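A.B. asks: Please read through the structure below; I'll follow up with questions.
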Amino acid sequence: MKTVIRTEKLTKRFGDLTAVDGIDLDVHEGEVFGFLGPNGAGKTTTLRLLCALIAPSSGTAEIAGFRLGREDAKIRAAVGILTEQPGLYERQSAWDNLVFYATLYGLPPSVAKAQAERYLRMMGLWERRTEAVVTFSRGMKQKMAIARAALHEPRVLFLDEPTTGLDPDAAKTVREFIVALRGAGRTVFLCTHNLDEADRLCDRIAFFRHRVIRIAKPDELRAELYGRATEIRLLPKPRAEDLARVQAVPGVHEAHLENGSIVVASADPLLTNPLLVRALVDGGAEIAFVTERKAHLEDVYLQIVEPIE
Amino acid sequence: MTVLAMSPARPTLVRAVCVREWREALGNKLLVGMTLLPPVVILVAGIGAVAAAAVNPPSDRDVQALYASAPAVAGLDPKDAVQGFIATYFLILFMLIPTVVPLTMAIYSVIGEKASRTLEPLLATPVGVGDLLFAKSLASTIPSVIVTWAAYGIYLATVIAIGSHAAVNAVTAPRWILAIIVLVPLLTLLSVNLGILISTRVNDVRVAQQIGGLVVVPVVGLGIAQVTGRVVLDNGAFFEMTIVLIVLDLAVFWLARLAFQRENILVRWR
């Protein structure tokens, strides 16, 4: 898999404060890479470093094949960034905003107009293209800002909190757009506080607090926290003998009662679950549901990031 | 879809930034008003003063005082002399326009972008900050120079139509025409880059205008010195002013360029 972002010991200091402390990253082409951390963790500073907006204090980075510090203009041409604030020219129309930025990205006039039209249609804003942006809702402005970040077809798109403050409909459009970008082989570097969104969208997640604490796939992170658990709900409620039967099934590591269910941890639920069901039915239990129990990414986040100061 | 982005050619960037800034400025009624008010006031006052001098003969005492302070008009017919003197005096006031008008535009251009958080996406494009600063400078300079030249053109045509021989001689003097053509753009650039420099440090348009307003002091001082006969604005004086302004323009642009760095703007500007 081709690497589009590679950093080695990338560091940024502001006086005595080390905002980004020697991070090593390898982000692949066509990947949605989540970058999660608390407020003030240095996420925005990292984004600015990777977009060649600020210079590192030490360390190296290569973005889209260009060396940070030596080919900064080429990096900025190859990436797109959605900043925390939409930062649009509000007195001007949606169309004028996008054509202006397309021009600044060096697109020829005909291509600039074609791209502006393509993204306005994609974001559902084509009908309102002549209206001043000041009349747009927060969600529409955010969609405009995403269109602006993507209209020069960057290889890497950096999105800083793309769905913050959006209604569910607008957030869905943004998420679908991110999925479409991945489908088109583009890399998305997603900074977010929205753990559910990160869980749904990201191929890998980096937990970050001035330095990278952990990088893994969301499923791996959850599995690390709880193992692979199965929840069995019985009617009217589990009996002591039901729990004993479950604990006796081969492959079961641990089983306990929790809120009217039996929660079972096993190495391989695909092998163990049929045995569990048979054992309970043979013992006269009435099974209402058998479900996979997934840890929430929030639990993982709180376990991994919160203890680190 | 593959689209290769790149740094735009400088003329393309300048045109795009200028058109955007002008659209933005035209949508701001306060800014349009503040841009047009000084030239209109000076123009109306200048034309009114020259016209009034043509119909109201000065007193003997005024004429003697005028002959004493402005030797160039000594010996002329009193009405002619007063009109000539007033016409020249207002030419100096025209030099105030390029110090006031572009300052306001430049301040709005930078502080407006700071307030609306549009600088970060702008800086994330592959354009160079020097080119961006240059484009922004031109976006404020060009309309101010055009406004000043237009006001001067109207003044010139009106004085030729209604003024005395001495007044027409004053406004059509080659050194004044050259001054308007050369000094106005230089003063405008100075004011614009000073405005940009000040705007990097403050967030309030009014505070920036108050600080930037100090640039009019030397021009007003020069006007007073000439009216009181302490300074004679001859060819040598204009040449010296041109050299000084070129040096000041380069120095202030260099300082503005130092302040206008990507990292400074994103991290230190508040």
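The values are calculated or read from the model by the stated rules, or taken from the named source; none is laboratory data. Quick caveat, the model's predicted, so the values are computed rather than measured. Note: ideal-geometry Cβ built from the backbone for every residue, glycine included; neighbour counts use all protein chains shown. Ligands, DNA and RNA are excluded from the accessible area calculation, which covers all protein heavy atoms including side chains. Shrake-Rupley method; radii C 1.70, N 1.55, O 1.52, S 1.80 Å.
A.B. asks: Convert 10 °C to kelvin, take the viscosity as 1.306 mPa s, use the Kirkwood radius over C-alpha pairs of chain A as Rh, and evaluate the Stokes-Einstein diffusion coefficient in µm²/s, rounded to a whole number. Before the final figure, lay out the partial values.
C.D. replies: Values: Rh = 21.9 Å.
The Stokes-Einstein estimate is 72 µm²/s.
A.B. asks: Go ahead and collect, in residue order, the members of the stretch A:46-86 whose backbone nitrogen is under 14 Å from a label point 7 Å along the Cα-Cβ direction of B:Thr12.
C.D. replies: Those under the cut-off are A:77.
A.B. asks: While we're looking at this one, here's another question. Between B:Thr242 and A:Ala55, what's the calculated FRET efficiency when r is the beta-carbon distance and R0 is 30 Å? Round to 0.05.
C.D. replies: 0.15
A.B. asks: Which residue, chosen from A:Gly251, A:Ala229, A:Val212, occupies the Cα position most advanced towards the positive end of the dipole of the stretch A:197-251, where the dipole is computed from +1 (Lys, Arg) and -1 (Asp, Glu) charges on Cβ about the Cα centre?
C.D. replies: Of the options given, the answer is A:Val212.
A.B. asks: I would also like to ask the following. With the other protein chains left in place, how much accessible area per residue, in square angstrom, belongs to chain A at a 1.4 angstrom probe?
C.D. replies: 45
A.B. asks: Here is a further query. Within the set A:Lys12/A:Lys43; A:Lys172/A:Lys217; A:Lys143/A:Lys217; A:Lys12/A:Lys217; A:Lys43/A:Lys172; A:Lys43/A:Lys74, which residue pairs have Cα atoms separated by over 19 Å?
C.D. replies: Values: A:Lys12/A:Lys43 11 Å; A:Lys172/A:Lys217 22 Å; A:Lys143/A:Lys217 28 Å; A:Lys12/A:Lys217 27 Å; A:Lys43/A:Lys172 23 Å; A:Lys43/A:Lys74 22 Å.
Beyond 19 Å: A:Lys172/A:Lys217; A:Lys143/A:Lys217; A:Lys12/A:Lys217; A:Lys43/A:Lys172; A:Lys43/A:Lys74.
A.B. asks: Measuring with a 1.4 Å probe in the full set of protein chains, what accessible area per residue, in whole Å², belongs to chain B? Walk me through the intermediate numbers first.
C.D. replies: On the way: 12440 Å² over 270 residues.
For chain B, the per-residue accessible area is 46 Å².
A.B. asks: What share of the DSSP beta bridges in the protein assembly as shown is antiparallel, in percent to the nearest 5?
C.D. replies: Antiparallel bridges: around 70 percent, rounded to the nearest 5.
A.B. asks: Sticking with this structure for a sec: Give, ordered by residue number, each residue of the stretch A:52-77 whose 1.4 Å probe accessible area is reduced by a minimum of 20 Å² on adding the remaining protein chains to the chain alone.
C.D. replies: By number: A:Leu53, A:Ile54, A:Ala73, A:Arg76, A:Ala77.
A.B. asks: Between A:Gln303 and A:Thr164, what is the spin-label point distance in nm, taking each point 7 Å from the Cα along the Cα→C-beta axis?
C.D. replies: The answer from the label model is 2.7 nm.
A.B. asks: If you don't mind, there's one more thing I want to ask. Calculate, for B:Ala251 and A:Val111, the FRET efficiency according to 1/(1 + (r/R0)^6) with r their C-beta to C-beta distance and R0 51 Å; round to the nearest 0.05.
C.D. replies: 0.80
A.B. asks: OK, next. Which residues of the stretch A:93-118 show a drop of at least 50 Å² in accessible area when all protein chains are present, compared with their chain alone (probe radius 1.4 Å, heavy atoms only, ligands and nucleic acids excluded)?
C.D. replies: So the qualifying set is A:Phe100, A:Thr103, A:Leu104, A:Tyr105.
A.B. asks: What is the angle, in °, between the Cα long axis of helix B:216-227 and the longest principal axis of the Cα atoms in chain B? Nearest 10 is fine, range 0 to 90.
C.D. replies: Roughly 10 degrees between the two axes.
A.B. asks: Right, next: Identify, among A:Ser57, A:Ser110, A:Met122, the residue whose Cα sits farthest towards the positive end of the charge dipole of the stretch A:33-162, taking +1 on the Cβ of Lys and Arg and -1 on the Cβ of Asp and Glu, with the dipole about the Cα centre.
C.D. replies: Selected residue: A:Ser110.
A.B. asks: Near the amide H of A:Ile213, under 5 Å away, which other amide H atoms are found, from residues 5 or more places off or on another chain, if H is placed in the peptide plane?
C.D. replies: A:Phe207, A:Phe208
A.B. asks: With springs connecting C-alpha atoms under 10 Å apart, model chain A as a Gaussian network and identify which of A:Glu90, A:Glu29, A:Glu258 has the largest mean-square fluctuation.
C.D. replies: A:Glu258
A.B. asks: On to the next question. Which value in nm describes the separation of the simple spin-label points at B:Leu26 and A:Asp26, placed 7 Å from the Cα toward the beta carbon?
C.D. replies: Computed distance between label sites B:Leu26 and A:Asp26 equals 5.5 nm.
A.B. asks: Expressed as a whole percentage, what fraction of the accessible surface of the protein assembly as shown belongs to carbon and sulfur atoms when a 1.4 Å probe is rolled over the protein heavy atoms?
C.D. replies: Of the solvent-accessible surface of the protein assembly as shown, carbon and sulfur hold 59 percent.
A.B. asks: If amide H atoms are built 1.01 Å from N in the plane of the peptide, which residues on other chains or at least 5 residues away come under 5 Å of the amide H of A:Leu234?
C.D. replies: Residues meeting the criterion, in which the H sits 1.01 Å from N, are A:Ile262, A:Ala288.
A.B. asks: Computed on protein heavy atoms with a 1.4 Å probe, what is the summed buried accessible area for the chain pair B and A, in Å² to the nearest 100?
C.D. replies: Buried area (both sides, nearest 100 Å²): 3100 Å².
A.B. asks: Right, next: For chain A, set up a GNM with springs between Cα atoms under 10 Å and report which of A:Leu181, A:Leu257, A:Leu49 has the largest fluctuation.
C.D. replies: A:Leu257
A.B. asks: Let me ask another. How about the stretch B:17-38: which of its residues lose at least 40 Å² of accessible area in the presence of all protein chains relative to their chain isolated, using a 1.4 Å probe?
C.D. replies: B:Arg20, B:Arg23, B:Glu24
A.B. asks: Could you pull out which residues in the stretch A:64-101 have an amide N less than 15 Å from a spot 7 Å beyond the Cα of A:Lys2, following the Cα-Cβ vector?
C.D. replies: A:64-66, A:78-79
A.B. asks: Another question about this same structure. Using 20 Å as the cut-off for backbone N distance, which residues of the stretch B:240-270 belong to the label zone defined by a point 7 Å from the Cα of B:Val207 along Cα→Cβ?
C.D. replies: Answer for this model: B:256, B:259-261, B:264-270.
A.B. asks: Tell me, what is the 1.4 Å probe accessible area of A:Asp24, in Å² to the nearest 10?
C.D. replies: Taking all protein chains as shown, A:Asp24 has close to 70 Å².
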